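Trainee: Take this structure first; my questions come after.
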Amino acid sequence: MIKIKTNSPEETFAFAKGLADLLKNGVVLCLKGDLGAGKTLFVQGLAKGFQVEEEVTSPTFSLMNVYHGRRAIYHFDLYRLESAEELYDIGFYEYTTLEDSIVIIEWPDKFPEELPEEYLWLEITRTENIDERLITIQLKGESYRQIYEELKQNCQF
Ligand code: ADP
Ligand code: MG
């Protein structure tokens, strides 16, 4: 597991922005964290790294947002979904199998059976310090092994 600590919102934003270079060819990223952990801020940083000009917000009500930058970014939030069937309606299975796209899935543990087979799993957690966050990254499958190893080289503390 890769562990990263950030000490301010700006640091989380910068980390996510920098991550765009590593994820440039596409990735499925499961993004877990309690309310206020920094998920939206993280996605804003990542989108910035992909030169997205549109406003990046939480897709809590829209269920999915698409942003257009150097890559298309499909940003899902499963929080309000009540059944896995609704995933069809929002195009989840189509978008998560697109190559060369960035797929972000918030509240990924809501329907664990429905997740793609391979992804990076990123969790943001608060610590006892108000502006500190612990970011952990895990690898599922082999597709993103290279990204994972490169991150590991650069980010371990
Ligand atoms: P979420 O989408 O997970 O509910 P947000 O990104 O909307 O969370 O909000 C995170 C909040 O936590 C913001 O107000 C941000 O300023 C604050 N914050 C404080 N320290 C950090 C940090 N190190 N990383 C990310 N956010 C932080
Ligand atoms: Mg949010």
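Each value in this text was obtained by applying a stated rule to the coordinates, not by laboratory testing. Because the structure is a prediction, the values reported are computed rather than measured. No Cβ is skipped: glycine too gets one built from the backbone with ideal geometry, and neighbour counts run over all protein chains shown.
Trainee: Residues that are more than 12 Å from ligand 2 (Cβ to nearest atom), surrounded by fewer than 18 Cβ atoms within 10 Å (Cβ to Cβ) and of a type in the set (Asp, Glu): list the helices (runs of 4 or more DSSP H) wholly contained in segment 29-126 that include at least 1 such residues.
Mentor: On the way: elements: 39-49, 86-89, 92-95.
Answer list for segment 29-126: 86-89, 92-95.
Trainee: Could you list, ordered by first residue, the pairs with Cβ atoms under 8 Å in which the first is in segment 85-104 and under 17 Å from Trp121 (Cα atoms) and in contact (Cβ under 8 Å) with a residue 40 or more places away in the chain and the second is among the aromatic types (Phe, Trp, Tyr) and assigned to a helix (DSSP H, G or I), at least 6 apart or interchain?
Mentor: That search, which allows pairs on different chains as well, returns Ser101/Tyr95; Val103/Tyr95.
Trainee: From the list Val66, Val43, Val28, exactly one residue is away from ligand 1 (no atom under 16 Å from the Cβ), among the β-branched types (Val, Ile, Thr) and under 25 Å from Glu149 (Cα atoms). Which is it? Give the derivation first.
Mentor: Details: Val66 fails: under 25 Å from Glu149 (Cα atoms); Val43 fails: away from ligand 1 (no atom under 16 Å from the Cβ).
The unique qualifying residue is Val28.
Trainee: Moving on. Exactly one of (1) loosely packed, with under 13 Cβ neighbours inside 10 Å; (2) within 17 Å of the chain's Cα centre (by Cα) is unmet by Asn129. Its number?
Mentor: The single condition Asn129 does not satisfy is (2).
Trainee: Do you know which residues across segment 127-151 are of a type outside the set (Ser, Thr, Tyr) and in a loop (DSSP other than H, G, I, E, B)? Spell out the reasoning first.
Mentor: Going through segment 127-151, the residues of a type outside the set (Ser, Thr, Tyr) turn out to be 128-135, 137-142, 145-147, 149-151.
Answer for segment 127-151, where residues must be of a type outside the set (Ser, Thr, Tyr) and in a loop (DSSP other than H, G, I, E, B): Glu128, Asn129, Ile130, Asp131, Glu132, Gly141, Glu142.
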